[in-house]
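Asker: The following block contains the structure, expressed as structure tokens.
The values are calculated or read from the model by the stated rules, or taken from the named source; none is laboratory data. Everything quoted here is computed from the prediction, not taken from an experiment. Note that we place each Cβ from the backbone using ideal geometry, even for glycine, and neighbour counts take in every protein chain shown. SASA here: full protein model, heavy atoms, side chains in, ligands and nucleic acids out. Shrake-Rupley method; radii C 1.70, N 1.55, O 1.52, S 1.80 Å.
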2 protein chains.
Amino acid sequence: MEQASLRDLNEPLIDHAEGQFFLNEAFKIIMEEVLSNGTDVKQKVCEWKEPEELALLLDLGVRETGEPRDKLLQRVRDVAKYSVKTSHPHFFNQQYGGVDYHSLAGRFLTEALNTNLFTYEAAPVFVLMENEVLRGLRQLVGWTEGDGIFCPGGSTSNMYAMNLARYQRFPEVKSQGVWALPRLSIFTSPESHYSVKKGAAFLGIGLDNVIFVKVDDRGRLIPEDLDEKIELSKSQGAVPFLVSCMSGTTVQGVFDPLDHIADICDKHKLWMHVDACWGGSVLFSKKHRHLMKGVDRANSVAWNPHKMLVAGLQCSALLLKDTTNLLKQCHSANATYLFQQDKFYDVNLDIGDKSVQCSRKVDCLKLWLMWKAVGSMGLEERVDKAFIHARYLVEQMKKREGFQLLSMVAPVIKERMMKQGTMMVGYQPLGNKVNFFRVTVFSPLLSQKDMDFFLDEIERLGKDL
Amino acid sequence: MEQASLRDLNEPLIDHAEGQFFLNEAFKIIMEEVLSNGTDVKQKVCEWKEPEELALLLDLGVRETGEPRDKLLQRVRDVAKYSVKTSHPHFFNQQYGGVDYHSLAGRFLTEALNTNLFTYEAAPVFVLMENEVLRGLRQLVGWTEGDGIFCPGGSTSNMYAMNLARYQRFPEVKSQGVWALPRLSIFTSPESHYSVKKGAAFLGIGLDNVIFVKVDDRGRLIPEDLDEKIELSKSQGAVPFLVSCMSGTTVQGVFDPLDHIADICDKHKLWMHVDACWGGSVLFSKKHRHLMKGVDRANSVAWNPHKMLVAGLQCSALLLKDTTNLLKQCHSANATYLFQQDKFYDVNLDIGDKSVQCSRKVDCLKLWLMWKAVGSMGLEERVDKAFIHARYLVEQMKKREGFQLLSMVAPVIKERMMKQGTMMVGYQPLGNKVNFFRVTVFSPLLSQKDMDFFLDEIERLGKDL
Ligand SMILES: Cc1ncc(COP(=O)(O)O)c(C=O)c1O
Ligand SMILES: Cc1ncc(COP(=O)(O)O)c(C=O)c1O
């Protein structure tokens, strides 16, 4: 109160010199703690604390008055210290480990520029750049034209596809809601990502209308069963409208047979969506792109460069074959305060109405800068490398005893690795398989010795169990 | 091709030393171009280029091979140069101008740590921190308990509220979809943000079921008309379930009378949502918080610290009064690969299933660090300052001739300011009012002389018209 009444509020409240000094110091801490120590195999991947203890250590509560510079810098240090080092070579826990410095520079620049990807006037560079990056990704899919948008994550990209498929078939849904439509049904693999279910619930379609198609013993969707399930659904009075197929399932990395599925979609005139959030990056690889043969026949593809390509969270592209401006028609609200039609430039560059968001973060710059830095060939190498590591691991596991017997002890091994901070890897059951570890090994930072470390460490942590 | 076959893919593809050097150099460019030059009133706020010319200048296309360091650093410089300087004091164009260095440090740290706010094991610090920040915001609303989540923007927060309101009333919607429900209706002000419409379309409710309530001559929703419209909708066979009211409309900054609206919601047992994306920050101010009197009676509040508080895009909180775990019940999919129930810590800390996203960016750290740095009092000052500037502008405009006559010439003045790069401010029509400029003046960087500059500049740009 004192302080406030003493300050002249007609003057700026931000001191640039002090602010820039602080940012400089924080940058040094980030470099040291997160990027140097945090990627050093001799250091821990996490510094485990029980929640109560961590809350105390961090002193999280916010207060009336501010804090001095040194205390704030210590906070930066503490946040870094107790956070998981997702760039550490022994972070095998999720599909976003690793670091790319060009991407990271792009992310810092994005944050500093702090703009919104909705109009050309507010984001001239990024409107053009997003367009170009989407074009580059579409080209890998095999499309010379089309549309697309970056979404805040693959779940949202998958949801968008669902909404577009619905709108294309029944445009009246936009004004009248689902009540004007017959009951719809969606088809997908039981190994599909849970975002299909979340999307169906959110969009008012309902979980019961997501129909799971049988998979073969490798986890690939069986086209014949898809055909039968579609017929069955029709006979039960529903209108099938969307098949969501997988290029790289979350747990096992399975690729559905897209060409066969496309035949079925053609036959029944259904929207074919490919959830390639995880696997899409194989399109960079001449060796592995056959896994997605037929993807060009899809209507939409969701692809997360924040996963296998290490572009950094969030970076998810929804790619569309459509050339009729469906995305904008489906999502537009034509707000006059933002999308004035009497502007002095081509208002088609105001892409904001393609999105259901208003503020939309710039997610293209980091990918663009990384792509410029290493080229498509560099990204191809990363994909090929991921496959080499995966194959090596499988071979080595076959040679070692005991790697089949992890199921009951997985939670205990997990607890031990976390508390010792030596590595992080996730486990789960699947179908009628009991608990197993899912090790993600796509990071460009990894070498073969990290694979050996993983195997040795699982053995060490579990040897008395 | 050559290059790829020469590299040993068993070894890391990232060179940390080179990467960190690059990041360091990029940081210097960001400091200089974006934060020093970009906030200097003597420099341009934008460097206008026609799209075709800009595309050529930036050489956006991605290629097979990568580029050398110097070229990439030049690209960083170019992106900075041709991007709009949203931190510049003469960027009055949108609700997110300005910069806070503590927040920016938090954003850099967030990017470097690159984790996902879904489980305690992946984001121990941020699970606890988000919880604490949400608690702090809820306290300002007047709630000692409740729930909440950060969403990728206020549009998504508003959509979440809509889905929660629907689910609370009709939980069967999650499994059966909207077909199992009577036709629903939503009530809001015609001056509400377009995200209400986008949300209704996306969730399968439909634009026709969004009913606009009359506003008074200041733009405030009229509670009596709300009551009548609800009765009318019922009589037409719909089930009203949600009132979305405004604390700070996008264009005029109007605050709806929350207490009166709460009475109507009580009477009809409707979910009361407050879209305080823009205005919510008045809750920090003892002087201005009366504008939101009655907000504690709402069921949900959407509040964007990335607007008035300059926390940086994206930062939007959805706050809930609910204590029954509605958010999780409504959105959960219980994925076994992520939310294992046999973990060694309290699985209630795995908050990911509250979201319809899977990957979710950490949006709390930047707000937390800024809040720690300046305290609630510092944020209060910023809000009070915004009102002081707004009042000053109104007074000055009354004194100057010609400020009523802008309508026909607004697009021309806008074009001139952009091409000269002297300032940026948006214009639009509203209801039966013709084009006018909407000047946003909340940035803590501003001083009274920036207000004078704005007025002088409009006069200068328009004097021959
Ligand atoms: C196959 C697949 N699809 C979609 C998603 C969702 O992507 P996001 O986490 O960006 O929402 C994931 C995430 O794990 C995934 O593995
Ligand atoms: C009143 C209001 N509500 C909601 C929003 C949407 O917020 P966001 O841009 O974060 O989606 C805005 C944005 O301008 C707004 O002004």
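Asker: Show log10 I(q)/I(0) for the stretch A:182-302 at q = 0.15 Å⁻¹, two decimals, from a solvent-free Debye sum over equal Cα scatterers.
Answerer: -0.61
Asker: Also, I was wondering about something else. With each run of n ≥ 4 DSSP H residues scored as -39500 (n - 2.57), what mean residue ellipticity at 222 nm is computed for chain B after dividing by its residue count and rounding to the nearest 500 deg cm²/dmol?
Answerer: Helices in chain B give a 222 nm mean residue ellipticity of -13000 deg cm²/dmol.
Asker: To the nearest 0.05, what FRET efficiency results for A:ASP342 and A:LYS234 with a Förster distance of 51 Å applied to their C-beta separation? Please report the intermediate quantities before stating the final value.
Answerer: Details: r = 48 Å, r/R0 = 0.95.
E between A:ASP342 and A:LYS234, to the nearest 0.05, is 0.60.
Asker: Over the Cα atoms, compute the radius of gyration (one decimal) and Dmax (the largest Cα-Cα distance, rounded to a whole number) for the protein assembly as shown, in Å.
Answerer: 26.7, 88
Asker: Percent relative contact order of the stretch A:366-460, based on C-alpha pairs within less than 8 angstrom and at least six residues apart?
Answerer: Values: 61 pairs, mean separation 29.4, N = 95.
The normalised contact order for the stretch A:366-460 reaches 31 percent.
Asker: I'd like the Kirkwood hydrodynamic radius of chain A, using the inverse of the mean 1/r over distinct C-alpha pairs, in Å.
Answerer: When all Cα pairs of chain A are included, the Kirkwood radius is 24.6 Å.
Asker: While we're on this one: Averaged across B:94-101, how many Cβ atoms of other chains sit within 10 Å of each residue's Cβ atom?
Answerer: 5
Asker: Determine the dipole magnitude for the stretch B:366-460: charges of +1 sit on the beta-carbon of Lys and Arg, -1 on that of Asp and Glu, nothing else is charged, the reference point is the Cα centre, and the result goes in debye to the nearest 20.
Answerer: 220 debye
Asker: Please state the relative contact order of chain B as a whole percent: Cα pairs under 8 Å, 6+ residues apart?
Answerer: The normalised contact order for chain B reaches 21 percent.
Asker: Continuing with the same structure: Which of the peptides B:22-35, A:83-96, B:337-350, A:342-355 is most tightly packed, and how do the rest follow, going by the mean number of other Cβ atoms within 10 Å of each residue?
Answerer: A:83-96, B:22-35, A:342-355, B:337-350
Asker: Moving on to the next point. Report the Rg/Rh value for the stretch A:4-63, based on alpha-carbon coordinates and the Kirkwood definition of Rh.
Answerer: Details: Rg = 18.0 Å, Rh = 15.4 Å.
Ratio value, two decimals: 1.17.
Asker: Okay, moving on. Mind checking the mean number of beta-carbon atoms from other chains within 10 Å of the Cβ atoms in A:234-244?
Answerer: Mean shielding count: 0.
Asker: If you stretched the chain out fully between B:GLU145 and B:ASP59, how much longer would it get, using 0.36 nm times the residue separation minus the C-alpha to C-alpha distance?
Answerer: Residue separation times 0.36 nm, minus the Cα-Cα distance, leaves 25.7 nm.
Asker: Here's something else I'd like to know. How much of the accessible area of chain B, in percent, comes from carbon and sulfur atoms when a 1.4 Å probe is used? Write down the numbers at each step before the final one.
Answerer: Details: 8130 of 15950 Å².
The computed percentage sits at 51.
Asker: Could you compute the net charge surrounding A:HIS288? Neighbours are other residues with a C-beta less than 13 Å from the C-beta of A:HIS288; K and R count +1, D and E count -1.
Answerer: +4
Asker: Using a Förster radius of 30 Å, what is the FRET efficiency between A:LYS463 and B:ASN334 based on their Cβ-Cβ separation? Nearest 0.05, please.
Answerer: For A:LYS463 and B:ASN334, the calculated efficiency is 0.35.
Asker: Further question: Need one value for B:382-395: mean number of C-beta atoms belonging to other chains within 10 Å of its residues' C-beta atoms. Present the calculation step by step, with values, prior to reporting the outcome.
Answerer: Details: counts 3, 1, 3, 8, 1, 1, 3, 2, 0, 0, 1, 0, 0, 0.
If you average over the peptide's residues, the count of other-chain Cβ atoms is 2.
Asker: Any idea what the dipole of the stretch A:1-139 comes to, in debye rounded to 20, about its Cα centre with Lys/Arg Cβ at +1 and Asp/Glu Cβ at -1?
Answerer: 640 debye
Asker: Can you tell me the length gained on complete extension of the stretch B:ASN325 to B:ARG391, counting 0.36 nm per residue apart and subtracting the Cα distance?
Answerer: Contour length minus the Cα-Cα distance gives 19.5 nm.
Asker: Please list, by residue number, everything in the stretch A:298-337 whose backbone N is under 17 Å from a paramagnetic label point 7 Å out along Cα→Cβ of A:ASP263.
Answerer: Once the point is set 7 Å along Cα→Cβ of A:ASP263, A:298 turn out to lie under 17 Å by backbone N, inside the stretch A:298-337.
Asker: May I ask you to list the trypsin sites (Lys or Arg not before Pro) in the stretch A:195-292 that are in a DSSP loop and have at most 15 other Cβ atoms within 10 Å of their Cβ? Please list the in-between numbers first.
Answerer: Working: sites: A:LYS197, A:LYS198, A:LYS214, A:ARG218, A:ARG220, A:LYS229, A:LYS234, A:LYS267, A:LYS269, A:LYS286, A:LYS287, A:ARG289; in loops: A:LYS214, A:ARG218, A:ARG220, A:LYS269, A:LYS286, A:LYS287.
Qualifying residues, ordered by number: A:LYS214, A:ARG218, A:LYS269, A:LYS286, A:LYS287.
Asker: Rounded, prolate or oblate: which fits the stretch B:114-360, taking a ≥ b ≥ c as square roots of the Cα gyration tensor eigenvalues, rounded meaning a/c under 1.5, else prolate when a/b beats b/c? Don't jump to the answer; show the numbers that get you there.
Answerer: On the way: a/c = 2.07, a/b = 1.32, b/c = 1.56.
Taking the square roots of the gyration eigenvalues as a ≥ b ≥ c, the stretch B:114-360 is oblate.
Asker: If r is the Cβ-Cβ distance from B:VAL41 to A:ARG77 and R0 is 45 Å, what FRET efficiency results, to the nearest 0.05?
Answerer: Details: r = 35 Å, r/R0 = 0.77.
The formula returns an efficiency of 0.85 here.
Asker: What are the radius of gyration and Dmax of the stretch A:366-460, computed over its Cα atoms and given in Å?
Answerer: In order Rg, Dmax, the Cα atoms of the stretch A:366-460 give 15.8, 46 Å.
Asker: For B:LYS214 and B:GLU25 in the same chain, what is the full-extension length gain: residue separation times 0.36 nm, less their Cα-Cα distance, in nm?
Answerer: Roughly 62.5 nm would be gained on extension.
Asker: Counting protein heavy atoms only and a 1.4 angstrom probe, how many square angstrom of accessible surface do chains A and B bury in total, to the nearest 100? Working shown, then result.
Answerer: On the way: alone 23820 and 23820 Å², together 31900 Å².
Chain pair A/B: roughly 15700 Å² of buried accessible area.
Asker: Under the Kirkwood approximation applied to all pairs of distinct alpha-carbon atoms, what is the hydrodynamic radius of the stretch A:292-365 in Å?
Answerer: Values: mean 1/r = 0.0686 Å⁻¹.
For the stretch A:292-365, inverting the mean 1/r across all distinct Cα pairs yields 14.6 Å.
Asker: Sticking with this one: In whole Å, what are the Cα extents of the stretch B:375-414 along the three principal axes, biggest one first?
Answerer: 44, 22, 9
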